[in-house]
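Only the coordinates and a few stated rules stand behind these numbers; no lab work does. Not measured: the values here are computed from a predicted model. Methodologically, a virtual Cβ is constructed for each residue, glycine included, from the backbone with ideal geometry; neighbour enumeration extends over all protein chains shown.
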Amino acid sequence: NKIEDDYVMGEALGKGKFGSVFLCRSKVTGVEFACKTLPKGEETVHKEVEIMQHLSGHPGVVTLHSVYEDAESFHLVMELCSGGRLIDEMTKEGRYSEHKSANIFKDLMLVIQYCHDMGVVHRDIKPENILLTASGKIKLADFGLAMRIANGQSLSGLAGSPAYVAPEVLTGDYGQKADIWSAGVLLHALLVGVLPFQGDSLDALFEAIKSMQLDFHSEKWQSVSKLARDLLERILTRDVAARITAEEVLSHPWMMFYTERTL
Ligand code: ADP
Ligand code: MG
Ligand code: MG
């Protein structure tokens, strides 16, 4: 079957590096999905599909519904995340309360832990790739840079988005812990509304990632708990062996305290 036989295309939902994502509706069931179209010749499409299928057992991963192929492209029909991107919510919100930050971060860590347990490094954790359902639950998307690695194996080669990239990715071998660093960059942005590492140029940004010390004495941190700062320090540590794992993040006192139900 061709995709046109089974789905009606709707408006654009987003544009990425290689392809674009459109709303679509099943002609048979009437159910809406998101369709990511990727041009052929990209060897990585097969890997993206394979990894999404491998990870399909978790509610925090965008589900791949079906795949179509025509002369020019692959079409990935995915579960629709109608709540949009976390980045857009963050831009509106400015900064989040510790309760809200912790609840989002817990859901993110649960899905990252699942990926890591399944032998996958996402390599592009950032709020542009975290989508929201109609009810506001997070879904991890965009496995275009994800890699499967065997136990003890490591990756090399620069990948990811500059502001979120871990220092070891810039300098050598890395693995699952690179995702934890990127999530830490996101946590910083949730808590204080700005990215931790910035620079006027790519070189300046990478220099900051490799050496800049976070200033927890600055004004913006005064309203944030010491527990949150402690967790962030354990995540944004350049010593990869010392950096905490997803499992350890989930049992950190800040997570325990702020994800307790408030009602
Ligand atoms: P790229 O690899 O090109 O970055 P993504 O998979 O990140 O592509 O998708 C690009 C954009 O398309 C996302 O940032 C988002 O706005 C939108 N998008 C992707 N998947 C979905 C989905 N399942 N539901 C709703 N919007 C989506
Ligand atoms: Mg993306
Ligand atoms: Mg991608």
For a protection proxy built on the mean count of beta-carbon atoms within 10 angstrom, sort 149-158, 165-174, 250-259, 192-201 highest first, please. 165-174, 250-259, 192-201, 149-158
Of Pro59, Ala71, Pro39, farthest towards positive along the dipole that unit charges on Lys, Arg, Asp, Glu beta carbons give the stretch 36-76: Pro59
For a test of the definition: using alpha carbon positions, the gyration tensor, and the 1.5 limit on a/c, classify the stretch 69-206 as rounded, prolate or oblate. rounded
Protection-proxy order for peptides 75-83, 4-12, each taking the mean of Cβ atoms within 10 Å per residue, highest first: 75-83, 4-12
Can you give the angle from 0 to 90° between the axis of helix 44-54 and the longest principal axis of the chain, with both taken from C-alpha atoms, to the nearest 10? 80 degrees
Cross-link reach list, lysines versus Lys40, counting only Cα pairs under 18 Å and skipping chain neighbours closer than eight places: Lys2, Lys15, Lys17
Taking +1 at the Cβ of each Lys and Arg and -1 at the Cβ of each Asp and Glu, which of Met147, Ala246, Ala102 sits farthest along the dipole of the chain towards its positive end, judged by Cα position relative to the Cα centre? Ala102
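Can you tell me the dipole magnitude for the chain around its Cα centre, using point charges on the Cβ only (Lys, Arg +1; Asp, Glu -1), in Debye to the nearest 20? If you can, show how the numbers build up before the last one.
Numbers: 27 positive and 36 negative charges, 109 e Å.
For this selection, approximately 520 debye.
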Using Cα atoms only, what is the angle between the long axis of helix 98-117 and the major principal axis of the chain, expressed in degrees (0 to 90) to the nearest 10? 60 degrees
GNM of the chain, Cα pairs under 10 angstrom: of Val31, Val111, Val67, the biggest fluctuation goes to Val31
